[in-house]
Amino acid sequence: MRAGRCLFPLPREVRTVAGMTGVVGVIEAGEAEPEGRLARRKARTRAAILGAASALFRDHGFEQTSIQQIAEAADTGVGTVYGYFASKEEVLRAVLEEHSAEAVARYEAAVTADTGPLERLCIALRTLGEYVAEHRTVLASGFLRGVATGPDQESGRWVEKSITHFIREGIALGEIRAVPPETTARLLVGTVMLTSLEIGPWRGGEANLDGVVETARAMLRA
């Protein structure tokens, strides 16, 4: 995984969301398009490629999806896909980054300047769980191919930092009971990830993300 990138968004209090990967376009010979129009066309083509790839990776798996299939689903050519991405792994990385950006937007739309630390913590946990559950197939492909680290490694560490921040802030404000911030954050993040992935004791059980988040709220409230 490229340095400085993470799969799950860290709230704005702890980091700034990284920009999306730039487009390396192929400019056709002939009269140049106006810069603004060309940029918009490139953005549409890139979005179509990523949308097609995301759906194919989810429905058929990474190994079973070819660049040819991605190009056909995006209504473009194989050469055009390679003009934007050097390999299928690069497409996968960009898909993961786009999913992460969507999770960032979802979190930021759910909080305001008046949202307290306990509520921010619960929203962050819910966003993490939804992100992992919605994209588990694509995430698994990334983990297996070194495009991303495992869900319990770098992504988890980034989220732990934000949860730790909220716990410390909540304790200082008297909103969250006195608990060990780092240990509690790691416990919460690990539980949400296992629940969303349905791993171990969470496989086929009655526990769900809503229940885990509300239990965390009840246990932490001062």
Quiz prompt | Unmet requirement for residue 154, which otherwise passes all of (1) modelled with pLDDT of 95 or more; (2) under 27 Å from residue 65 (Cα atoms) | solution = (1)
Practice problem: Read through the list (1) at pLDDT 90 or above; (2) surrounded by fewer than 20 Cβ atoms within 10 Å (Cβ to Cβ); (3) assigned to a helix (DSSP H, G or I), then give the number of the only condition that residue 118 fails. | Solution: (2)
Exercise. Please name all residue pairs, on different chains or six or more residues apart, with Cβ atoms under 7 Å, provided the first residue is in the stretch 159-177 and is among the acidic types (Asp, Glu) and the second residue is crowded, with 18+ Cβ neighbours inside 10 Å.
Key: 160/185; 160/186; 160/189; 169/117; 175/117; 175/118
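The values are calculated or read from the model by the stated rules, or taken from the named source; none is laboratory data. Computed from a predicted model, the values in this text were never measured in an experiment. Cβ atoms come from the backbone with ideal geometry, glycine included; neighbour counts cover every protein chain shown.
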